[in-house]
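Bear in mind that the values in this text are calculations on the coordinates, not laboratory data. Not measured: the values here are computed from a predicted model. Methodologically, a virtual Cβ is constructed for each residue, glycine included, from the backbone with ideal geometry; neighbour enumeration extends over all protein chains shown.
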Amino acid sequence: MRRLAHILLMLGLAVTLCAAAGDGEWLRKVPAKDRTRPNPYATDPDAPAAGAKIFAEHCAACHGGEAEGKTEGKHIRPNLHSDRLKQATPGELFWLLTNGSQKNGMPSWSRLPDPQRWQLITFLKSLP
Ligand code: HEC
C-alpha cells in the first residue's frame, strides 16, 4: 500500500509539472470577483468587427488569422474556437487579457484600453 501511495504521489507530481500552455490552468487563477464582470460591449453591434481588427493586429501572429491556433515546436498557442472559450465567462477572459499567462507565453494586454479588450472578447465569443 505504501508503495502504491508513493507511485500515485509521483504520478501526481508529474502531471503538475506538465501543466503547460493550452491546458486552461489559468482559469483557476481568476479571482471570484473578476469572473462575474459583465462585458459592457457584449451587445454593441460594432464590437465584433472592431475586435476582429484588433485581433488581426495583435493576436493573429500567435493564434492564427482565423484564431485556429498554432503550434511551433514547444510553443502551443491554443485554438480559440474551443469549448473552453465558449464556457469561459467574459470576466474570466478579461482577466486573462489583462494579466496574460506569461509563464506559458501569453502576453498581458493591459496596455490596450478596456473597451478594446472587451471588443476582443465580443469578437472571440462570436467565433463559430
Ligand atoms: C506571443 C504569442 C501570443 C500572442 C501575441 C497572443 N497570445 Fe493568446 N495565448 C498565447 C499562449 C501561449 C496561450 C496559452 C496560455 C496558457 O495556456 O496558459 C494563449 C492563450 C490565450 C487564450 C486562452 C485560450 C485557452 O484555451 O485557454 C485566449 C482567450 C487568448 N490567448 C487570446 C489572445 C488575444 C485576444 C490576443 C491578442 C490581444 C492574444 N491572445 C495574443 C500566446 C499568444
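Once you sort the root eigenvalues of the Cα gyration tensor of segment 22-126 as a ≥ b ≥ c, which label holds: rounded (a/c under 1.5), prolate (a/b larger than b/c) or oblate (the other case)? Judged from the Cα gyration tensor, segment 22-126 comes out oblate (a/c at least 1.5, b/c at or above a/b). Could you please report the charge total around Ala20, scoring K, R as +1 and D, E as -1 over all other residues with beta-carbon less than 10 angstrom from its beta-carbon? Its environment carries a net charge of 0. With helices as the sole contributors, the chain gives -14000 deg cm²/dmol at 222 nm; each DSSP H run of n ≥ 4 counts as -39500 (n - 2.57), and the sum is divided by every residue. Restricting segment 50-109 to trypsin sites (Lys or Arg not before Pro) that sit in a DSSP loop and have at most 14 other Cβ atoms within 10 Å of their own Cβ leaves Lys74.
Ordering Trp109, Trp95 from the fewest to the most neighbouring beta carbons within 10 Å gives Trp109, Trp95.
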